[in-house]
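The values are calculated or read from the model by the stated rules, or taken from the named source; none is laboratory data. From a predicted model like this one, the values you see are computed outputs, not experimental measurements. Positions of Cβ are generated from backbone atoms using ideal geometry, with glycine treated the same way; all protein chains shown enter the neighbour counts. Surface areas here come from the heavy atoms of the whole protein model, side chains and all, with no ligands, DNA or RNA. Shrake-Rupley method; radii C 1.70, N 1.55, O 1.52, S 1.80 Å.
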Amino acid sequence: MSNKATIRCPSNIAFIKYWGARDLARAIPVNPSISMTLRSCFSRSTVEWLDEDGEHEIRWRAAEGGLETAPPAFADRVRRHLDFLREWSGQGGRFRVATENSFPSAAGLASSASGFSALTLAVLGALDRQVSPAEQSALARLSGSGSASRSVMGGYVEWPAEGEGEGGSECHAHQLATAEHWDLRNVIAVVERGAKKTSSLDGHRRAETSPYFCTRQACLPERLEAVRRAIEERDFLRLGEVVEAEAIDLHCVAMTSTPAIFYWRPATLLVLEAVREMREDGVAAYSTMDAGANVHVICTPESEIEVAARLSRLDLDLSLIHDGVGNGPVVEPEHLF
Ligand code: DP6
């Protein structure tokens with residue numbers, strides 16, 4: 001048996017967002033969320049299991065290209081998840097880990113979902129443990145990055161707020177539709193590089209202090225149903241209207257939390273405005289944002305080139321990433337070490 005495995009796992013963009021937790025330590029959300037798994041933004045993680053005592057070794061790909069010891073804040077989060085998975089497996093030992101992202105780590109793009117789903121699946125591979133997709137999702141969720149629970153599956157994915165069973169098997173995501181079902185694109189306007197100042201974890205903690213928290217929650221059953229139906233029927237306009245309204249609401253909740261969280265930068269607003277103008281000219285495009293300043297422009301294959309061209313013409317210091325719906329995790333033959 002090989003004790004080493006390498007997994008490539010994509011990030012995802014939420015159409016209906018996870019924002020607020022019933023149990024933050026176990027990433028049990030207040031509301032269900034729905035996302036599209038991406039293909040160009042991904043993390044790759046190699047994990048080796050060693051049958052010996054000692055500390056885990058955690059490295060990441062530095063900007064200069066080599067693998068180096070990961071910085072303490074990131075390494076501590078990874079270490080906690082490795083400890084948890086080791087206890088879950090009952091196998092003892094220690095792990096050697098290396099991880100890298102296809103997109104710049106400090107670009108203000110969510111790398112936790114792809115990073116922790118890749119790590120979880122690579123640990124399972126290194127331990128030669130076969131578990132169901134549901135359990136993979138629940139184990140990824142227990143990293144603390146709830147959105148990682150959605151990245152272990154391709155296509156369109158729903159993560160309900162509740163689940164059956166106990167321990168690791170409760171509260172896991174499931175696939176709503178495959179990537180082949182509907183080819184949607186995502187042109188990401190990167191307007192801010194560097195890590196966000198307030199983590200999603202702090203955002204979840206503060207969410208319920210916003211006077212708009214309950215207002216958004218009240219809208220969600222209808223929104224969730226609209227997104228499920230839009231995906232089923234490939235109804236881009238219905239999807240886009242809901243997705244953009246949902247993203248704005250998430251940021252309203254963040255901005256009115258105590259203490260307030262402002263993720264947007266001036267360029268965020270200019271991109272939002274540009275996307276509205278595109279729609280007036282008949283370009284099929286809608287905006288959404290995670291807990292950050294960068295704007296994901298969801299569009300059809302036919303509108304992708306026009307979306308990118310118009311964003312490039314803005315007088316802004318931005319870079320574009322062309323992404324789209326993808327098939328989910330892949331086992332890689334080559335290891336990082
Ligand atoms: C706004 O607790 O999963 O992206 O681990 O930092 O990715 P990270 O955050 P997590 O919260 C995700 C918040 C969100 C919405 C979403 O992806 O559902």
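Worth pointing out:
- Surface composition of the chain: carbon and sulfur atoms hold 49% of the protein heavy-atom accessible area at a 1.4 Å probe.
- Cα lying deepest toward the dipole's positive end in the range 194-317, options ALA207, GLY282, VAL227, charges on Cβ: ALA207
- Accessible surface ranking for HIS251, HIS335, 1.4 angstrom probe, highest first: HIS335, HIS251.
- Accessible surface, 1.4 Å probe, highest first, among residues PHE95, PHE84: PHE84, PHE95
- Net charge dipole size for the range 2-181 [Lys, Arg +1 and Asp, Glu -1 on Cβ; Debye, nearest 20]: 500 debye
- Cα shape, the chain, gyration tensor, a/c 1.5 rule: prolate
- Accessible area per residue for the chain is 43 Å², calculated with a 1.4 Å probe on protein heavy atoms, without ligands, DNA or RNA.
- Order of exposure, largest accessible area first, which applies to TYR18, TYR212 with probe 1.4 Å: TYR212, TYR18
- The range 57-113: GluC sites (Glu not before Pro) in DSSP loop, at most 12 other beta carbons within 10 Å: GLU64
- Cα gyration tensor, the range 217-337 - rounded (a/c under 1.5), prolate or oblate: rounded
- Rounded, prolate or oblate (a/c below 1.5 giving rounded, otherwise prolate when a/b exceeds b/c) for the range 126-215 by Cα gyration tensor: oblate
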